[in-house]
Amino acid sequence: MTSGISSDQAGARRAAVTLRDVAREAGVGLGTASRALAPGSQYVADDVRSRVLAVAERLSYRPNASARATTTGSTPTIAVLVSDIRDPYYAQLVHGAIGKARGDGQMVTITGTDHAVDDEVRVIRMLRSQRPRALVLTGPRTGSPASLLRELERYERDGGRVVVAGDDDLPFDTAVVPRQEGARLLVTTLRELGYRSIALIRPAADTADVRAWEAGIVQGARAAGVRVDVVRTPGVERSRDGGRAATAELLDDGRPDVDAVVAATDTMALGALSAVRDAGLEPGRDLGVAGFDDVVDADDVVPGLTSVDLSLEAIGGAAVDLALLAPAAERRRIEFDARVAVRGSTPPRG
C-alpha cells in the first residue's frame with residue numbers, strides 16, 4: 001500500500017527551512033532573526049545582521065510572504081496602478097518608483113486599469129486581498145470619485161497606505177505632477193518666441209489632468225496676450241492617431257489662422273507633426289508644433305519636438321518615499337518644477 005506522497009515530496013517537506021531554523025543556527029532570538037532579514041530595519045547590529053543573512057543563504061531560507069502579511073498586515077510590495085502601460089508617461093513614473101523601491105527593500109508590481117473609476121475600484125478590491133504595503137495611483141480617471149474614495153479608505157483602515165503620483169485631486173499624500181504650471185510656462189515661452197495664436201489639440205476624455213493642462217494654457221495665454229482656439233474633435237483619443245486626426249480636421253480648410261498647434265501629450269503631438277506634413281506644410285517652418293510631458297525621445301524626431309519636462313521619474317520615486325512614511329494627521333504634498341524644452345518644432349518667429 002502506498003502513502004500517496006512521493007519520496008520527492010517528502011524530501012521537500014523535510015528540507016523546508018523556517019525562520020526558527022535560521023534563528024537557532026545563527027544563535028539569536030526569533031524576533032532578532034526576523035528584524036535582521038527585514039529590509040531597512042535599523043534595530044539590528046551589523047555583525048548580527050551579517051551572521052543571520054549568511055545562515056539564511058546557507059540554508060536557502062526564503063521568507064513566506066503570506067505569513068509575513070498575516071504578522072505585519074502587509075507584504076513588502078508597492079502596487080502602482082497605471083491606465084496604459086504603453087504610454088511612455090506611465091513608464092517614466094514606474095521607472096522612478098522601481099528605482100526608489102529597490103533601494104528600500106520593496107518590490108513594485110504594476111497593475112493595469114482603465115481610465116474609469118469603476119475599473120480602479122475593481123482592481124483595488126482585488127489588491128486588498130493581496131495586502132500590498134501601499135497603492136500608488138497614477139492615472140487620470142472619468143466618473144464620480146465617491147466609490148473610489150470609499151474603497152481607498154477601506155484599504156487604509158486595513159493598514160495600507162495610499163499615495164497619488166499625479167494630479168492633486170484626491171485627499172491623499174501626493175507627489176504632484178506640475179501640469180498646470182508646465183502648461184502656463186509653455187505658453188509664456190511660445191509668446192517669447194513670437195507665437196501669438198495657438199490651437200489646442202486635446203483628448204475628448206474630460207479628466208483632471210486634461211483640465212489642469214487646459215487651465216494652465218488659458219492662464220498663460222491671458223497673461224501673455226496669446227489667442228487660444230480649442231480643437232474639440234468628438235471622440236479623439238490621447239494617442240498618435242488621435243492627435244493626427246484632430247490636427248487634420250483643423251487643417252482641412254487650408255492653413256488656419258494660428259501660429260502653432262499645442263497637443264496635450266507628446267504622443268498626440270507626434271500625430272500632429274504627421275498631419276502637418278500630410279497637409280503639405282513643414283512643421284516648424286510653416287506651423288509650430290508643441291507637445292507635453294517630454295517622454296518620447298522628443299529630441300530624436302525631425303524636427304525635434306518642443307515639450308515640457310514634468311520630472312516624472314523623480315515624481316515616481318517621491319511617491320514611494322511618501323508610501324514608506326507613517327500616516328500623518330495632515331496630508332503631505334511634494335511639488336516639482338516643470339521645464340520647457342524648446343526644439344526645432346517651434347523655432348523663433350520673425
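The values are calculated or read from the model by the stated rules, or taken from the named source; none is laboratory data. What you see is a predicted model; the values in this text were computed from it and never measured. Cβ coordinates were reconstructed from backbone atoms using ideal geometry, including for glycine residues, and neighbour counts include every protein chain displayed.
Observations on the model:
- Subset tally (residues that are surrounded by 19 or more Cβ atoms within 10 Å (Cβ to Cβ) and either out of contact with any helix residue (DSSP H, G or I) (no Cβ under 9 Å at 6 or more places or on another chain) or in a helix (DSSP H, G or I) (or both)) for the range 99-108: 2
- Residues in the range 287-302 that are modelled with pLDDT under 95 and in a loop (DSSP other than H, G, I, E, B): 9 in all.
- Screening the range 338-350 for residues that are in a loop (DSSP other than H, G, I, E, B) and at pLDDT 95 or above and picking the one that is surrounded by the fewest Cβ atoms within 10 Å (Cβ to Cβ) gives Pro348.
- Failed item in (1) over 19 Å from Val261 (Cβ atoms); (2) surrounded by fewer than 22 Cβ atoms within 10 Å (Cβ to Cβ), with Thr188 passing the rest: (1)
- Qualifying residue in the range 260-275 (condition: of a type in the set (Asp, Glu) and surrounded by fewer than 24 Cβ atoms within 10 Å (Cβ to Cβ)): no
- Qualifying residue in the range 120-134 (condition: under 13 Å from Val320 (Cα atoms) and of a type in the set (A, V, I, L, M, F, W, C)): yes
- Against the numbered list (1) more than 16 Å from the chain's Cα centre (by Cα); (2) buried (at least 20 other Cβ atoms within 10 Å of the Cβ), Pro145 comes up short only at (2).
- Meets criteria (more than 23 Å from the chain's Cα centre (by Cα), acidic (Asp, Glu) and within 16 Å of Val289 (Cα to Cα)) for Asp252: no
- Residue list for the range 122-142, filter: assigned to a helix (DSSP H, G or I) and surrounded by fewer than 20 Cβ atoms within 10 Å (Cβ to Cβ): Arg122, Val123, Arg125, Met126, Leu127, Arg128
- Boolean, Asp84 is assigned to a loop (DSSP other than H, G, I, E, B) and at pLDDT below 90: yes
- Entry remark, the range 53-62: residues being of a type outside the set (Lys, Arg) and free of Cβ contacts under 8 Å to residues at least 40 places away in the same chain number 5 in total.
- Any chance Ser129 is of a type in the set (Gly, Ala, Ser), closer than 17 Å to Ala208 by Cβ and without any contact (Cβ under 8 Å) to a residue 40 or more places away in the chain: no
- Complete set of residues in the range 155-178 that are within 14 Å of the chain's Cα centre (by Cα) and assigned to a strand (DSSP E or B): Val162, Val163, Val164, Ala165, Gly166, Thr174, Ala175, Val176
- Single unsatisfied condition, Ala326 versus (1) outside the structural domain of Val164 (by TED's automatic domain parsing); (2) assigned to a loop (DSSP other than H, G, I, E, B); (3) hydrophobic (A, V, I, L, M, F, W, C): (1)
- Pairs with Cβ under 8 Å, 6+ apart, first in the range 34-52 and at pLDDT below 85 and of a type in the set (D, E, K, R), second surrounded by 12 or more Cβ atoms within 10 Å (Cβ to Cβ) and assigned to a loop (DSSP other than H, G, I, E, B): Arg35/Ser41; Arg35/Val44
- Matching residues, the range 300-327, being more than 19 Å from Met268 (Cβ to Cβ), out of contact with any helix residue (DSSP H, G or I) (no Cβ under 7 Å at 6 or more places or on another chain) and in contact (Cβ under 8 Å) with a residue 40 or more places away in the chain: Ser311, Ala318, Leu322, Ala323, Leu324, Leu325, Pro327
- Against the criterion of being modelled with pLDDT under 80 and either loosely packed, with under 11 Cβ neighbours inside 10 Å or in contact with an Asp or Glu (Cβ under 8 Å, 6 or more places away or on another chain) (or both), Pro63 does not qualify.
- Residue ID - farthest from Ala91 (Cα to Cα), chosen from residues in the range 284-299 that are more than 27 Å from the chain's Cα centre (by Cα) and surrounded by 24 or more Cβ atoms within 10 Å (Cβ to Cβ): Leu287
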